[in-house]
Each structure stands twice: as C-alpha cells, then as structure tokens.
Amino acid sequence: MADQQLAQPSTPTQAMQATIQAGPSTGPIAKDSYDELFDENMRLRDFHDTTVPNIFSVASMINDCVDMIKIIEERNLRNEKFINESTRLMTQVQESMAAREATIRETEKQEYDNKMKKLQAKHAAEKRQSRLEIQSLRQKVVRLERRLMDNSSTRM
C-alpha cells in the first residue's frame with residue numbers, strides 16, 4: 001500500500017502525465033484520481049472559457065487597430081495629395097501674381113513713357129511757340145525801331 005501511495009500522483013498535472021504514460025486504462029479509475037482529473041478539467045474549461053473570449057476580443061481589437069491604421073494612412077495620403085496640390089496651386093498663383101505685377105509694371109512704365117513723350121512734345125511745341133513769339137516780337141521791335149528811325153529822320 002505504501003508503494004501505491006508513492007505511485008499516486010500528487011498534482012493534477014502529474015496525474016494527467018501518469019495517465020498518458022500508462023496508456024488507455026482497462027480498469028476502473030480511482031475516485032481520488034477521477035476527482036483530481038475532473039477538477040483539472042474544470043479548471044482548464046474555466047481557463048478556456050475566459051481566455052478564448054479574451055483572445056477573440058484582443059484579436060478583434062487588433063483588427064480594429066489595423067483598420068484604423070489603414071484609414072489613417074489613407075487620410076495621410078489624401079492630406080499629402082492635398083498639400084502637394086495646394087503647393088502647386090500656390091506656386092501657380094505666385095507665378096501668376098508675379099507675371100501680373102510685371103505686366104502692371106510694364107504697363108505703368110509704358111504709360112509713364114507715353115506721358116513723358118507727350119510732355120516732352122508739349123514742351124517742345126511750347127518752346128517752338130515761344131521762339132516764334134520771340135522772333136515775331138524781335139521783328140516787331142526791328143520794325144518799330146525802323147519806324148522810329150524813319151520818324152526821327154523825317155522830323156529832322
């Protein structure tokens with residue numbers, strides 16, 4: 001009997017190992033071994049019943065995270081495309097504004113040049129007119145001097 005107690009497993013794991021090693025049983029199982037195996041089976045079922053849903057829950061959360069990562073990557077890609085398009089449009093706007101400013105400056109320069117030419121032409125015309133008036137006045141002075149001289153020579 002002492003030999004049987006030594007051969008009896010002390011833990012449920014040892015009892016399972018002993019059963020596996022012994023192979024299929026041809027005889028009845030001892031009540032203590034049965035109770036230990038039953039208790040171990042219940043603990044494993046409880047563990048399974050709590051662990052499997054947790055594993056499924058974690059797997060579901062991982063899938064949700066993967067989906068969220070895909071959504072974020074797609075959003076980042078859209079944002080990057082938007083930024084690139086915005087940058088391209090801003091560059092076009094800046095180039096257009098620079099061209100417009102250059103056109104405005106050129107137009108203003110041409111307007112200024114035209115005004116200056118008109119002013120110069122007006123000034124030249126006024127100068128010619130002044131010269132003609134001066135020449136006309138000199139001729140009058142010369143005629144008046146002649147007349148004066150004629151008058152003074154006839155009086156004498």
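The values are calculated or read from the model by the stated rules, or taken from the named source; none is laboratory data. Computed from a predicted model, the values in this text were never measured in an experiment. Because the Cβ atoms are built from the backbone with ideal geometry, glycine has one as well, and the counts that use them run over all protein chains shown.
Please verify whether region 97-117 includes one or more residues that are free of Cβ contacts under 8 Å to residues at least 12 places away in the same chain, within 19 Å of the chain's Cα centre (by Cα) and assigned to a helix (DSSP H, G or I). The answer is no; no qualifying residue exists.
Just to be sure before I move on: is I71 modelled with pLDDT of 95 or more and assigned to a helix (DSSP H, G or I) in the structure I sent? Yes, satisfied.
For region 30-55, which residues satisfy the criterion of being touching a Ser or Thr at 6+ places or on another chain (Cβ under 9 Å) and at pLDDT below 85?
Within region 30-55, S33 is the sole residue that qualifies.
Determine whether S152 is exposed (fewer than 10 other Cβ atoms within 10 Å of the Cβ), part of a helix (DSSP H, G or I) and on the phi < 0 side of the Ramachandran plot. In short, yes.
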